[in-house]
Amino acid sequence: MNRRTLVKQLGLSLPAYLLSKHVNASLLEKLEAQYAQAPFKATWESLQGYAVPEWYRNAKFGIWAHWGPQCAPEYGDWYARSMYEEGSQQYKYHLEKYGHPSTFGFKDVIHQWKADEWDPEHLVALYKRVGAKYFFAMANHHDNFDLWDSKHQPWNAVKIGPKKDLIGGWAKAAKNNGLPFGVSVHAAHAWTWFEVAQGADKNGPFAGKPYDGNLTKANGKGTWWEGLDPQALYAQGHPRSENPTDNGMIHKQWEWGGGASIPSKAYCDKFLKRTIELIDKYQPELIYFDDTVLPLHPFSDVGLKIAAHHYNQSIKRNKGQLQAVLNGKILNEMQRKCMVWDIERGQSNVIEPFTWQTDTCIGGWHYDKRVYENKRYKTAKTVVQTLVDVVSKNGNLLLNIPVKSNGTIDDQETAILEEVGAWMKINAECIYDTRPWKVFGEGPAMEGAAQLTAQGFNEGKGKPLGPGDMRFTAKGDTLYTILLGWPEEGKIKIKSLSEGNKFRPGAINKIEMLGGGELRFQRNAEALEVTLPENRPAYQYAVVLKIN
(Lines give C-alpha, C1' and ligand atoms only; values in the text may rest on other atoms or scores of the structure.)
Protein backbone atom coordinates (compact mmCIF):
# COMPACT_ATOMS: atom_id res chain seq x y z
CA MET A 1 0.00 0.00 0.00
CA ASN A 2 1.50 3.38 -0.92
CA ARG A 3 1.54 6.36 1.40
CA ARG A 4 -1.23 8.35 -0.29
CA THR A 5 -3.57 5.33 -0.21
CA LEU A 6 -2.90 4.93 3.50
CA VAL A 7 -3.60 8.65 4.02
CA LYS A 8 -6.97 8.28 2.31
CA GLN A 9 -7.94 5.15 4.27
CA LEU A 10 -7.03 6.84 7.55
CA GLY A 11 -9.14 9.84 6.63
CA LEU A 12 -6.33 12.24 7.50
CA SER A 13 -4.90 15.30 5.81
CA LEU A 14 -1.28 14.86 4.79
CA PRO A 15 0.18 16.98 7.64
CA ALA A 16 -2.03 15.22 10.20
CA TYR A 17 -1.03 11.87 8.78
CA LEU A 18 2.61 12.71 9.13
CA LEU A 19 2.14 13.77 12.73
CA SER A 20 -0.18 10.95 13.71
CA LYS A 21 0.70 7.96 15.87
CA HIS A 22 -0.07 5.63 12.97
CA VAL A 23 3.07 6.42 11.03
CA ASN A 24 6.55 7.44 12.06
CA ALA A 25 7.27 10.11 9.46
CA SER A 26 10.79 10.46 8.10
CA LEU A 27 12.43 13.76 7.28
CA LEU A 28 11.82 13.15 3.60
CA GLU A 29 8.11 12.66 4.18
CA LYS A 30 7.94 15.85 6.18
CA LEU A 31 9.67 17.74 3.41
CA GLU A 32 7.31 16.27 0.82
CA ALA A 33 4.38 17.40 2.95
CA GLN A 34 5.81 20.88 3.12
CA TYR A 35 6.37 21.04 -0.64
CA ALA A 36 2.78 19.95 -1.22
CA GLN A 37 1.49 23.07 0.51
CA ALA A 38 4.34 25.61 0.14
CA PRO A 39 5.19 27.84 -2.82
CA PHE A 40 8.49 26.15 -3.70
CA LYS A 41 8.96 22.52 -4.70
CA ALA A 42 12.26 20.66 -4.99
CA THR A 43 12.46 21.14 -8.77
CA TRP A 44 14.28 23.54 -11.06
CA GLU A 45 10.97 24.51 -12.63
CA SER A 46 9.60 25.60 -9.27
CA LEU A 47 12.78 27.37 -8.14
CA GLN A 48 12.62 29.60 -11.21
CA GLY A 49 9.88 31.45 -9.36
CA TYR A 50 12.58 32.91 -7.11
CA ALA A 51 13.20 36.67 -7.03
CA VAL A 52 16.21 38.20 -5.30
CA PRO A 53 14.90 40.22 -2.32
CA GLU A 54 15.28 43.99 -2.52
CA TRP A 55 17.09 44.18 0.82
CA TYR A 56 19.93 42.09 -0.60
CA ARG A 57 20.10 44.06 -3.84
CA ASN A 58 20.38 47.21 -1.72
CA ALA A 59 22.84 45.87 0.86
CA LYS A 60 25.82 45.31 -1.49
CA PHE A 61 28.39 44.47 1.22
CA GLY A 62 28.63 41.60 3.67
CA ILE A 63 31.37 40.28 5.94
CA TRP A 64 32.14 36.61 6.51
CA ALA A 65 33.83 34.73 9.34
CA HIS A 66 35.28 31.71 7.52
CA TRP A 67 36.33 30.26 10.88
CA GLY A 68 36.60 26.70 12.13
CA PRO A 69 39.09 24.18 13.50
CA GLN A 70 41.36 24.54 10.47
CA CYS A 71 42.18 28.00 11.86
CA ALA A 72 43.57 26.39 15.05
CA PRO A 73 47.09 25.85 13.62
CA GLU A 74 46.94 29.34 12.03
CA TYR A 75 48.75 27.92 9.03
CA GLY A 76 46.47 28.45 6.07
CA ASP A 77 43.59 27.07 4.09
CA TRP A 78 42.79 23.38 3.54
CA TYR A 79 44.96 22.47 6.52
CA ALA A 80 42.92 19.35 7.36
CA ARG A 81 43.69 17.97 3.91
CA SER A 82 47.26 19.19 3.38
CA MET A 83 48.49 17.87 6.73
CA TYR A 84 48.04 14.39 5.23
CA GLU A 85 49.99 15.24 2.06
CA GLU A 86 53.52 14.05 2.62
CA GLY A 87 56.09 16.77 1.94
CA SER A 88 53.64 19.70 1.84
CA GLN A 89 54.33 22.81 3.91
CA GLN A 90 51.41 22.03 6.19
CA TYR A 91 52.51 18.40 6.59
CA LYS A 92 55.98 19.60 7.67
CA TYR A 93 54.47 22.16 10.04
CA HIS A 94 52.18 19.51 11.49
CA LEU A 95 55.09 17.17 12.18
CA GLU A 96 56.91 19.92 14.06
CA LYS A 97 53.94 21.28 16.00
CA TYR A 98 51.79 18.20 16.66
CA GLY A 99 53.53 15.03 15.53
CA HIS A 100 52.86 12.54 12.77
CA PRO A 101 49.28 12.28 11.40
CA SER A 102 49.24 8.56 12.17
CA THR A 103 49.15 9.42 15.87
CA PHE A 104 47.95 13.04 15.89
CA GLY A 105 45.38 13.58 13.19
CA PHE A 106 42.93 16.33 12.43
CA LYS A 107 40.50 14.97 15.03
CA ASP A 108 43.17 15.79 17.61
CA VAL A 109 43.65 19.30 16.22
CA ILE A 110 39.92 19.82 16.82
CA HIS A 111 40.26 18.50 20.36
CA GLN A 112 42.91 21.12 21.19
CA TRP A 113 41.00 24.03 19.64
CA LYS A 114 39.43 26.20 22.37
CA ALA A 115 38.33 29.52 20.76
CA ASP A 116 38.73 30.93 24.25
CA GLU A 117 38.73 34.67 23.39
CA TRP A 118 35.84 34.63 20.94
CA ASP A 119 33.45 37.58 21.36
CA PRO A 120 30.92 37.46 18.51
CA GLU A 121 29.07 40.55 19.74
CA HIS A 122 32.24 42.66 19.51
CA LEU A 123 33.17 41.38 16.05
CA VAL A 124 29.73 41.68 14.46
CA ALA A 125 29.30 45.18 15.92
CA LEU A 126 32.64 46.14 14.35
CA TYR A 127 31.61 44.70 10.99
CA LYS A 128 28.36 46.64 11.08
CA ARG A 129 30.13 49.87 12.04
CA VAL A 130 32.51 49.68 9.07
CA GLY A 131 29.68 49.14 6.60
CA ALA A 132 28.57 45.51 6.38
CA LYS A 133 24.85 45.09 5.76
CA TYR A 134 24.78 41.33 6.41
CA PHE A 135 26.98 38.79 8.16
CA PHE A 136 28.00 35.22 7.31
CA ALA A 137 29.48 32.52 9.55
CA MET A 138 30.90 29.23 8.36
CA ALA A 139 28.72 26.34 9.57
CA ASN A 140 31.05 23.56 8.43
CA HIS A 141 33.89 23.13 5.99
CA HIS A 142 35.20 20.24 3.89
CA ASP A 143 36.60 19.01 7.23
CA ASN A 144 33.06 17.77 8.03
CA PHE A 145 32.96 19.35 11.51
CA ASP A 146 29.66 21.05 12.43
CA LEU A 147 30.02 24.33 14.32
CA TRP A 148 26.69 23.99 16.11
CA ASP A 149 24.96 21.53 18.44
CA SER A 150 24.26 19.07 15.64
CA LYS A 151 21.99 16.11 16.33
CA HIS A 152 23.20 14.34 13.21
CA GLN A 153 26.96 14.92 13.39
CA PRO A 154 28.57 13.92 16.72
CA TRP A 155 31.75 15.69 15.62
CA ASN A 156 30.56 19.18 16.48
CA ALA A 157 31.77 22.25 18.37
CA VAL A 158 29.48 21.73 21.36
CA LYS A 159 30.81 18.25 22.11
CA ILE A 160 34.44 18.64 21.02
CA GLY A 161 37.01 21.43 21.06
CA PRO A 162 35.48 24.80 22.01
CA LYS A 163 32.45 23.17 23.68
CA LYS A 164 30.39 26.12 22.38
CA ASP A 165 27.53 26.59 19.96
CA LEU A 166 29.44 28.84 17.56
CA ILE A 167 26.64 29.24 15.03
CA GLY A 168 24.24 30.04 17.85
CA GLY A 169 26.60 32.74 19.13
CA TRP A 170 27.09 34.28 15.71
CA ALA A 171 23.35 34.20 14.99
CA LYS A 172 22.55 35.96 18.26
CA ALA A 173 25.17 38.66 17.62
CA ALA A 174 23.85 39.26 14.09
CA LYS A 175 20.31 39.60 15.40
CA ASN A 176 21.43 41.97 18.18
CA ASN A 177 23.10 44.17 15.58
CA GLY A 178 20.20 44.08 13.13
CA LEU A 179 22.13 42.28 10.39
CA PRO A 180 20.63 39.48 8.28
CA PHE A 181 22.42 36.25 9.20
CA GLY A 182 23.99 33.84 6.74
CA VAL A 183 25.74 30.47 6.97
CA SER A 184 28.22 28.88 4.59
CA VAL A 185 28.01 25.12 4.11
CA HIS A 186 30.96 23.23 2.59
CA ALA A 187 30.72 19.70 3.98
CA ALA A 188 29.26 17.96 0.93
CA HIS A 189 32.79 17.40 -0.36
CA ALA A 190 34.25 15.71 2.73
CA TRP A 191 33.69 12.34 1.02
CA THR A 192 36.49 12.96 -1.50
CA TRP A 193 38.36 15.84 0.15
CA PHE A 194 39.37 13.74 3.17
CA GLU A 195 40.47 10.71 1.15
CA VAL A 196 44.10 11.64 1.79
CA ALA A 197 43.54 10.77 5.47
CA GLN A 198 43.36 7.11 4.42
CA GLY A 199 46.93 7.20 3.14
CA ALA A 200 50.39 6.72 4.61
CA ASP A 201 53.86 8.15 4.13
CA LYS A 202 55.82 6.62 1.26
CA ASN A 203 59.20 7.63 2.62
CA GLY A 204 61.06 8.22 5.88
CA PRO A 205 60.68 6.78 9.37
CA PHE A 206 56.85 6.58 9.14
CA ALA A 207 56.70 4.93 5.72
CA GLY A 208 53.73 2.61 5.45
CA LYS A 209 52.19 3.63 8.77
CA PRO A 210 48.51 4.47 8.10
CA TYR A 211 47.20 7.94 8.90
CA ASP A 212 44.38 8.22 11.41
CA GLY A 213 41.73 8.44 8.68
CA ASN A 214 41.60 4.65 8.82
CA LEU A 215 40.61 4.48 12.49
CA THR A 216 37.19 3.26 13.61
CA LYS A 217 35.16 3.55 16.79
CA ALA A 218 36.66 0.28 18.06
CA ASN A 219 40.13 1.86 18.08
CA GLY A 220 39.09 4.56 20.54
CA LYS A 221 39.13 2.57 23.77
CA GLY A 222 41.13 4.45 26.40
CA THR A 223 41.56 7.59 24.24
CA TRP A 224 40.02 11.06 24.61
CA TRP A 225 37.70 10.20 21.72
CA GLU A 226 36.41 6.93 23.14
CA GLY A 227 32.83 6.38 21.99
CA LEU A 228 33.22 8.50 18.86
CA ASP A 229 33.67 7.07 15.39
CA PRO A 230 36.44 8.80 13.39
CA GLN A 231 34.69 7.64 10.23
CA ALA A 232 31.81 10.00 11.05
CA LEU A 233 34.36 12.79 10.69
CA TYR A 234 36.63 11.57 7.91
CA ALA A 235 33.75 10.04 5.88
CA GLN A 236 35.93 7.24 4.56
CA GLY A 237 35.56 3.47 4.40
CA HIS A 238 34.77 3.66 0.69
CA PRO A 239 36.76 3.15 -2.52
CA ARG A 240 38.91 6.16 -3.17
CA SER A 241 38.69 8.46 -6.17
CA GLU A 242 41.17 8.41 -9.01
CA ASN A 243 44.50 9.93 -7.85
CA PRO A 244 43.10 11.13 -4.49
CA THR A 245 46.37 12.74 -3.35
CA ASP A 246 46.56 15.03 -6.40
CA ASN A 247 45.13 18.48 -5.62
CA GLY A 248 44.75 19.07 -9.33
CA MET A 249 42.50 16.04 -9.55
CA ILE A 250 40.24 17.08 -6.68
CA HIS A 251 39.49 20.32 -8.49
CA LYS A 252 38.72 18.40 -11.67
CA GLN A 253 36.43 16.13 -9.65
CA TRP A 254 34.61 18.95 -7.86
CA GLU A 255 31.55 18.38 -10.03
CA TRP A 256 31.62 14.65 -9.15
CA GLY A 257 33.13 13.60 -12.48
CA GLY A 258 36.64 12.79 -13.61
CA GLY A 259 36.97 9.63 -11.56
CA ALA A 260 35.48 10.97 -8.33
CA SER A 261 34.06 8.44 -5.88
CA ILE A 262 30.31 9.07 -5.67
CA PRO A 263 28.92 9.40 -2.13
CA SER A 264 26.53 6.81 -0.77
CA LYS A 265 22.83 7.45 -0.18
CA ALA A 266 23.46 7.34 3.58
CA TYR A 267 26.06 10.09 3.26
CA CYS A 268 23.71 12.25 1.18
CA ASP A 269 20.82 11.69 3.60
CA LYS A 270 23.00 12.66 6.55
CA PHE A 271 24.08 15.85 4.78
CA LEU A 272 20.43 16.67 4.12
CA LYS A 273 19.46 16.14 7.77
CA ARG A 274 22.35 18.26 9.04
CA THR A 275 21.57 21.14 6.71
CA ILE A 276 17.81 21.11 7.30
CA GLU A 277 18.49 21.15 11.05
CA LEU A 278 20.84 24.11 10.57
CA ILE A 279 18.15 26.05 8.70
CA ASP A 280 15.36 25.21 11.14
CA LYS A 281 17.38 25.87 14.27
CA TYR A 282 19.16 29.12 13.35
CA GLN A 283 16.89 30.53 10.64
CA PRO A 284 19.57 32.02 8.39
CA GLU A 285 18.32 34.34 5.69
CA LEU A 286 21.36 33.58 3.54
CA ILE A 287 23.07 30.30 2.65
CA TYR A 288 26.29 29.93 0.68
CA PHE A 289 27.14 26.55 -0.82
CA ASP A 290 30.76 25.93 -1.80
CA ASP A 291 29.58 23.66 -4.59
CA THR A 292 29.10 23.61 -8.32
CA VAL A 293 25.42 24.60 -8.57
CA LEU A 294 24.15 22.80 -5.41
CA PRO A 295 25.53 20.21 -2.96
CA LEU A 296 25.86 16.71 -4.42
CA HIS A 297 24.60 17.93 -7.79
CA PRO A 298 23.94 16.44 -10.32
CA PHE A 299 23.65 12.88 -9.00
CA SER A 300 21.40 13.76 -6.04
CA ASP A 301 18.39 16.04 -5.50
CA VAL A 302 19.47 16.83 -1.92
CA GLY A 303 20.45 20.37 -2.94
CA LEU A 304 17.07 21.01 -4.54
CA LYS A 305 15.32 19.83 -1.38
CA ILE A 306 17.42 22.18 0.76
CA ALA A 307 16.87 25.13 -1.58
CA ALA A 308 13.09 24.71 -1.58
CA HIS A 309 13.04 24.30 2.21
CA HIS A 310 15.18 27.41 2.68
CA TYR A 311 12.89 29.55 0.53
CA ASN A 312 9.71 28.14 2.06
CA GLN A 313 10.96 28.73 5.61
CA SER A 314 11.87 32.31 4.75
CA ILE A 315 8.35 32.95 3.43
CA LYS A 316 6.89 31.43 6.58
CA ARG A 317 9.13 33.54 8.88
CA ASN A 318 8.53 36.77 6.99
CA LYS A 319 4.74 36.78 6.74
CA GLY A 320 4.57 35.64 3.13
CA GLN A 321 7.58 37.59 1.88
CA LEU A 322 10.59 35.74 0.48
CA GLN A 323 13.70 37.32 2.00
CA ALA A 324 16.12 34.43 1.50
CA VAL A 325 19.29 34.27 -0.58
CA LEU A 326 21.05 31.12 -1.76
CA ASN A 327 24.50 31.23 -3.39
CA GLY A 328 25.93 28.60 -5.73
CA LYS A 329 28.76 28.46 -8.27
CA ILE A 330 29.12 27.88 -12.01
CA LEU A 331 25.42 28.40 -12.76
CA ASN A 332 23.85 28.30 -16.19
CA GLU A 333 21.31 30.89 -17.31
CA MET A 334 18.33 28.91 -16.01
CA GLN A 335 19.96 28.27 -12.62
CA ARG A 336 20.70 31.99 -12.17
CA LYS A 337 16.94 32.50 -12.08
CA CYS A 338 16.73 30.07 -9.14
CA MET A 339 19.50 31.39 -6.88
CA VAL A 340 22.32 33.95 -6.72
CA TRP A 341 25.44 33.20 -8.75
CA ASP A 342 28.64 33.34 -6.70
CA ILE A 343 32.06 34.07 -8.22
CA GLU A 344 34.95 33.04 -5.95
CA ARG A 345 37.89 35.45 -5.88
CA GLY A 346 36.83 37.15 -9.08
CA GLN A 347 34.47 39.53 -10.84
CA SER A 348 32.28 39.55 -13.89
CA ASN A 349 33.35 41.83 -16.73
CA VAL A 350 29.84 42.92 -17.71
CA ILE A 351 26.70 44.26 -16.08
CA GLU A 352 24.95 41.03 -15.19
CA PRO A 353 21.18 40.81 -15.75
CA PHE A 354 20.73 39.00 -12.41
CA THR A 355 22.14 39.99 -9.04
CA TRP A 356 25.37 38.09 -8.35
CA GLN A 357 28.08 37.95 -5.69
CA THR A 358 31.85 38.00 -5.43
CA ASP A 359 33.23 36.17 -2.42
CA THR A 360 36.81 36.90 -1.55
CA CYS A 361 39.16 37.30 1.37
CA ILE A 362 41.74 39.82 2.55
CA GLY A 363 44.15 36.92 3.15
CA GLY A 364 43.78 33.14 3.07
CA TRP A 365 40.40 31.57 3.67
CA HIS A 366 41.53 30.09 6.98
CA TYR A 367 43.73 32.21 9.21
CA ASP A 368 47.42 32.09 8.29
CA LYS A 369 49.95 33.73 10.60
CA ARG A 370 52.43 33.90 7.70
CA VAL A 371 50.14 36.39 5.92
CA TYR A 372 50.18 38.55 9.04
CA GLU A 373 53.93 38.24 9.62
CA ASN A 374 54.73 39.13 6.00
CA LYS A 375 52.02 41.82 5.77
CA ARG A 376 50.35 40.23 2.75
CA TYR A 377 46.73 41.21 3.41
CA LYS A 378 44.76 43.02 0.74
CA THR A 379 44.83 46.75 1.41
CA ALA A 380 41.73 48.80 2.16
CA LYS A 381 42.28 50.33 -1.30
CA THR A 382 41.90 46.91 -2.93
CA VAL A 383 38.81 46.11 -0.88
CA VAL A 384 37.10 49.41 -1.72
CA GLN A 385 37.97 49.26 -5.42
CA THR A 386 36.73 45.67 -5.59
CA LEU A 387 33.46 46.69 -3.93
CA VAL A 388 32.99 49.59 -6.34
CA ASP A 389 33.74 47.42 -9.38
CA VAL A 390 31.37 44.66 -8.26
CA VAL A 391 28.51 47.03 -7.43
CA SER A 392 28.84 48.78 -10.79
CA LYS A 393 28.08 45.41 -12.46
CA ASN A 394 25.01 44.53 -10.37
CA GLY A 395 26.88 42.48 -7.78
CA ASN A 396 27.42 42.22 -4.04
CA LEU A 397 30.73 41.70 -2.23
CA LEU A 398 31.09 39.11 0.54
CA LEU A 399 34.44 39.69 2.26
CA ASN A 400 36.08 37.17 4.58
CA ILE A 401 38.08 38.53 7.51
CA PRO A 402 40.12 35.52 8.73
CA VAL A 403 39.64 34.80 12.44
CA LYS A 404 42.50 33.56 14.60
CA SER A 405 42.43 30.31 16.56
CA ASN A 406 41.34 32.07 19.73
CA GLY A 407 38.39 33.81 18.06
CA THR A 408 39.87 37.29 17.58
CA ILE A 409 41.10 39.19 14.54
CA ASP A 410 44.54 40.78 14.39
CA ASP A 411 45.55 44.45 14.40
CA GLN A 412 46.30 44.59 10.67
CA GLU A 413 42.84 43.27 9.83
CA THR A 414 41.27 45.78 12.19
CA ALA A 415 43.17 48.65 10.57
CA ILE A 416 42.01 47.58 7.10
CA LEU A 417 38.41 47.44 8.29
CA GLU A 418 38.65 50.84 9.94
CA GLU A 419 39.91 52.41 6.70
CA VAL A 420 37.11 50.77 4.72
CA GLY A 421 34.69 52.17 7.31
CA ALA A 422 36.20 55.65 7.02
CA TRP A 423 35.76 55.57 3.23
CA MET A 424 32.18 54.33 3.67
CA LYS A 425 31.39 57.15 6.08
CA ILE A 426 32.03 59.65 3.28
CA ASN A 427 30.99 57.71 0.21
CA ALA A 428 28.45 55.03 1.16
CA GLU A 429 25.63 56.61 -0.85
CA CYS A 430 27.32 55.51 -4.09
CA ILE A 431 27.13 51.91 -2.86
CA TYR A 432 23.96 51.22 -0.87
CA ASP A 433 20.57 51.18 -2.62
CA THR A 434 22.14 51.80 -6.03
CA ARG A 435 21.70 50.04 -9.34
CA PRO A 436 24.01 49.70 -12.35
CA TRP A 437 23.99 52.51 -14.87
CA LYS A 438 23.85 52.02 -18.64
CA VAL A 439 27.58 51.22 -18.76
CA PHE A 440 29.61 50.07 -15.78
CA GLY A 441 32.69 52.19 -16.38
CA GLU A 442 35.48 53.62 -18.48
CA GLY A 443 39.24 53.45 -18.52
CA PRO A 444 42.32 51.51 -19.56
CA ALA A 445 41.75 48.57 -17.19
CA MET A 446 38.62 47.57 -19.12
CA GLU A 447 40.79 46.50 -22.04
CA GLY A 448 42.92 44.20 -19.88
CA ALA A 449 40.11 42.42 -18.01
CA ALA A 450 40.87 38.79 -17.17
CA GLN A 451 38.44 36.01 -18.03
CA LEU A 452 36.80 33.86 -15.36
CA THR A 453 38.30 30.44 -14.68
CA ALA A 454 36.06 27.68 -13.28
CA GLN A 455 34.16 29.21 -10.34
CA GLY A 456 35.98 32.56 -10.68
CA PHE A 457 39.66 33.15 -9.87
CA ASN A 458 40.33 36.12 -12.15
CA GLU A 459 40.99 38.42 -9.19
CA GLY A 460 44.16 40.47 -9.64
CA LYS A 461 44.91 39.00 -13.08
CA GLY A 462 43.76 41.93 -15.20
CA LYS A 463 45.27 45.34 -15.72
CA PRO A 464 45.46 47.18 -12.36
CA LEU A 465 42.92 49.92 -11.69
CA GLY A 466 44.30 53.45 -11.50
CA PRO A 467 43.97 57.03 -12.79
CA GLY A 468 41.68 57.13 -15.81
CA ASP A 469 39.60 54.20 -14.59
CA MET A 470 36.13 54.93 -13.29
CA ARG A 471 32.97 53.07 -12.39
CA PHE A 472 29.32 54.20 -12.43
CA THR A 473 26.40 53.52 -10.12
CA ALA A 474 22.96 55.13 -10.14
CA LYS A 475 20.16 55.97 -7.75
CA GLY A 476 17.09 57.47 -9.39
CA ASP A 477 18.23 60.49 -11.42
CA THR A 478 21.53 60.71 -9.57
CA LEU A 479 24.63 59.26 -11.21
CA TYR A 480 27.74 58.45 -9.23
CA THR A 481 31.11 58.36 -10.96
CA ILE A 482 33.82 56.74 -8.85
CA LEU A 483 37.36 57.71 -9.88
CA LEU A 484 39.75 54.86 -9.13
CA GLY A 485 42.84 57.04 -9.08
CA TRP A 486 43.65 60.75 -8.92
CA PRO A 487 44.66 62.32 -12.27
CA GLU A 488 47.88 64.33 -12.08
CA GLU A 489 46.50 67.04 -14.38
CA GLY A 490 43.67 67.76 -11.91
CA LYS A 491 40.92 67.17 -14.47
CA ILE A 492 38.96 64.16 -15.60
CA LYS A 493 37.12 63.47 -18.82
CA ILE A 494 34.01 61.29 -18.76
CA LYS A 495 33.34 60.24 -22.34
CA SER A 496 30.05 58.53 -21.52
CA LEU A 497 28.67 61.93 -20.48
CA SER A 498 29.70 63.96 -23.52
CA GLU A 499 27.22 66.51 -24.84
CA GLY A 500 24.39 64.78 -26.69
CA ASN A 501 25.54 61.34 -25.52
CA LYS A 502 22.85 58.68 -25.79
CA PHE A 503 23.52 57.50 -22.22
CA ARG A 504 22.75 60.90 -20.66
CA PRO A 505 21.28 63.29 -23.25
CA GLY A 506 19.66 65.57 -20.66
CA ALA A 507 21.27 68.53 -18.93
CA ILE A 508 23.73 68.18 -16.08
CA ASN A 509 23.07 70.86 -13.48
CA LYS A 510 25.42 70.10 -10.62
CA ILE A 511 28.48 67.99 -9.79
CA GLU A 512 29.91 67.63 -6.32
CA MET A 513 32.62 65.49 -4.81
CA LEU A 514 31.36 63.57 -1.79
CA GLY A 515 33.12 65.00 1.22
CA GLY A 516 34.58 67.84 -0.85
CA GLY A 517 31.94 70.24 -2.19
CA GLU A 518 30.74 71.45 -5.59
CA LEU A 519 32.97 71.23 -8.68
CA ARG A 520 33.36 73.20 -11.91
CA PHE A 521 32.64 71.37 -15.17
CA GLN A 522 32.03 71.85 -18.88
CA ARG A 523 30.49 69.58 -21.45
CA ASN A 524 31.49 69.21 -25.06
CA ALA A 525 31.14 66.73 -27.90
CA GLU A 526 34.12 64.74 -26.63
CA ALA A 527 33.42 64.41 -22.91
CA LEU A 528 32.21 65.89 -19.67
CA GLU A 529 35.30 67.63 -18.24
CA VAL A 530 35.38 68.08 -14.47
CA THR A 531 37.95 70.19 -12.64
CA LEU A 532 39.02 68.61 -9.38
CA PRO A 533 40.00 70.60 -6.27
CA GLU A 534 43.64 71.36 -5.50
CA ASN A 535 43.38 69.76 -2.07
CA ARG A 536 43.30 66.06 -2.60
CA PRO A 537 40.93 63.94 -0.50
CA ALA A 538 42.10 61.34 2.00
CA TYR A 539 41.19 58.34 -0.13
CA GLN A 540 42.37 59.17 -3.64
CA TYR A 541 41.92 55.56 -4.78
CA ALA A 542 38.10 55.90 -4.91
CA VAL A 543 36.84 59.47 -5.21
CA VAL A 544 33.10 59.82 -5.75
CA LEU A 545 31.49 62.46 -7.97
CA LYS A 546 27.75 62.96 -7.51
CA ILE A 547 26.15 64.12 -10.75
CA ASN A 548 22.61 65.55 -10.82
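The values are calculated or read from the model by the stated rules, or taken from the named source; none is laboratory data. The structure presented is a predicted model; accordingly, all values stated were derived computationally and were not measured. Cβ placement follows ideal geometry from the backbone for every residue including glycine, while neighbour counts extend to all protein chains displayed.
Ser88: free of Cβ contacts under 8 Å to residues at least 24 places away in the same chain, in the same structural domain as Phe299 (by TED's automatic domain parsing) and of a type in the set (Gly, Ala, Ser), yes or no? Against the criterion (free of Cβ contacts under 8 Å to residues at least 24 places away in the same chain, in the same structural domain as Phe299 (by TED's automatic domain parsing) and of a type in the set (Gly, Ala, Ser)), Ser88 qualifies. In segment 312-363, which residue that is small (Gly, Ala, Ser) and within 29 Å of Ile401 (Cβ to Cβ) is surrounded by the fewest Cβ atoms within 10 Å (Cβ to Cβ)? Looking at residues that are small (Gly, Ala, Ser) and within 29 Å of Ile401 (Cβ to Cβ), I get Ser348.
Those helices (runs of 4 or more DSSP H) of segment 1-53 in which 2 or more residues are within 20 Å of Ser300 (Cβ to Cβ) and at pLDDT 50 or above occupy 27-37, 44-47.
Residue count for segment 71-119 satisfying the condition of being over 22 Å from Ala187 (Cα atoms) and buried (at least 23 other Cβ atoms within 10 Å of the Cβ): 1.
Looking at segment 178-214 only, could you name the residues that are without any contact (Cβ under 8 Å) to a residue 60 or more places away in the chain and either buried (at least 17 other Cβ atoms within 10 Å of the Cβ) or among the acidic types (Asp, Glu) (or both)? The answer is Leu179, Ala190, Gln198, Asn214. Looking across segment 468-487 at every residue that is within 19 Å of Glu518 (Cβ to Cβ) and in contact (Cβ under 8 Å) with a residue 60 or more places away in the chain, the one that is surrounded by the most Cβ atoms within 10 Å (Cβ to Cβ) is identified as Ile482. Among the residues of segment 447-466, just one is crowded, with 17+ Cβ neighbours inside 10 Å and under 21 Å from Lys491 (Cβ atoms), namely Leu465. Only a single criterion out of (1) over 17 Å from Trp148 (Cα atoms); (2) surrounded by fewer than 19 Cβ atoms within 10 Å (Cβ to Cβ); (3) within 24 Å of the chain's Cα centre (by Cα); (4) without any contact (Cβ under 8 Å) to a residue 60 or more places away in the chain is not satisfied by His251, namely (4).
Restricted to segment 497-536, and to residues there that are touching a residue at least 40 places away in the same chain (Cβ under 8 Å) and out of contact with any helix residue (DSSP H, G or I) (no Cβ under 6 Å at 6 or more places or on another chain), the residue that is surrounded by the most Cβ atoms within 10 Å (Cβ to Cβ) is Leu497. Considered as a group, the residues in segment 304-327 that are in contact (Cβ under 8 Å) with a residue 60 or more places away in the chain and among the small types (Gly, Ala, Ser) include one that is farthest from Gln48 (Cα to Cα), and that residue is Ala324.
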